Amino acid sequence: MGAAFFVGTYIHEVPTRVRGVIVMDKTAFFTMPSGLYVVSAAADGLRAGCVINTAVQVTSMPPRISVAVNKDNVTSGIIASAKAFALTVIDQTADMLYIGNFGFRTSSDYDKFAKYETRETALGMPYVPEHAAALFSCRLIDTVDVGTHLLFIGEVEDAERLSDETPLTYDYYHKVLKGKTPPKASSYQG
């Protein structure tokens, strides 16, 4: 039995093994529901933030969250230095300008927070309340190298519901907003 995979806009049927190598149906990853978030941090006079689609509550007592950030992303270095991060849940009021600001620019040469009202958590981490359904202020307790990304585990020091708006899902971002997946995203397919 073969596996379906996309080439351009066409679905092709291929064997599950090609010359002894297993061929994976990467479209299966698109069925995993996820939201979109801005993870941000500040250290040594620098602040950084980026859009991620990999964040999850991993325990309830104590409350802990994990986020995956590309190693090449400026934000990952700032989180490591700060030993803390803020995570905002993007809501469906967000437009492509907001998502593009945090998702398709680099914090190394652009202040992503300059165009928005920016606040700080009790841990001193910057966040933008606009287009945010919720905020989590986290103290970094562990970092796991998972290949292209670092998995940051944070203990939630504070959490706040910022609006009653519906959280933005990755599916909504692709289907309704017609958003693209940047190369540094954990779900990038090449």
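Given labels modelled 7 Å from the Cα in the Cβ direction, how far is it in nm from THR27 to SER81?
Rounded to a tenth, the inter-label distance reads 4.3 nm.
For ARG64, list long-range residues whose amide hydrogen, built 1.01 Å from N in the peptide plane, is under 5 Å from its own amide hydrogen.
VAL58, THR59, VAL156
Working out 0.36 nm times the residue gap between TYR116 and ASP95, then minus their Cα-Cα distance, what length gain in nm do you get to one decimal? Could the numbers behind the result be given before it?
Details: separation 21, 0.36 × 21 = 7.56 nm, distance 1.34 nm.
Length gained, TYR116 through ASP95: 6.2 nm.
Extending each Cα 7 Å along its Cβ direction at SER108 and HIS174, get the distance between those two points in nm, one decimal.
So the label points at SER108 and HIS174 sit 2.9 nm apart.
Which far-off residues, 5 or more places away or on another chain, put their amide H under 5 Å from the one on LYS71, with H placed in the peptide plane?
Those qualifying (amide H under 5 Å, at least 5 residues apart or on another chain) are HIS149, LEU150.
Using the Karplus curve 6.51 cos²θ - 1.76 cosθ + 1.60 with θ = phi - 60°, work out ³J(HN,Hα) for each residue of segment 128-138 in order, rounded to whole Hz, and write x for Gly and Pro.
So the Karplus estimates, Gly and Pro as x, are 10, x, 5, 6, 10, 7, 7, 10, 10, 9, 10 Hz.
Can you tell me the order of 144-156, 38-50 when each peptide is scored by its average per-residue count of other Cβ atoms within 10 angstrom, highest first?
38-50, 144-156
Would you kindly calculate the translational diffusion coefficient of segment 32-175, applying Stokes-Einstein with the Kirkwood radius from alpha carbon pairs, for 4 °C and a viscosity of 1.567 mPa s, and quote it in µm² s⁻¹ without decimals?
On the way: Rh = 14.8 Å.
Translational D for this selection: 87 µm²/s.
Counting Lys and Arg as +1 and Asp and Glu as -1, what is the net charge of the other residues whose Cβ lies under 12 Å from the Cβ of SER163? Could you put the intermediate results ahead of the total?
Details: positive: ARG161; negative: ASP91, GLU130, GLU160, ASP164, GLU165.
Cβ neighbours under 12 Å give a net charge of -4.
Where a number appears in this text, it was derived from the coordinates with a stated rule and is not lab data. Treat the numbers as computed from the prediction; the structure is a model and nothing was measured. Note that we place each Cβ from the backbone using ideal geometry, even for glycine, and neighbour counts take in every protein chain shown.
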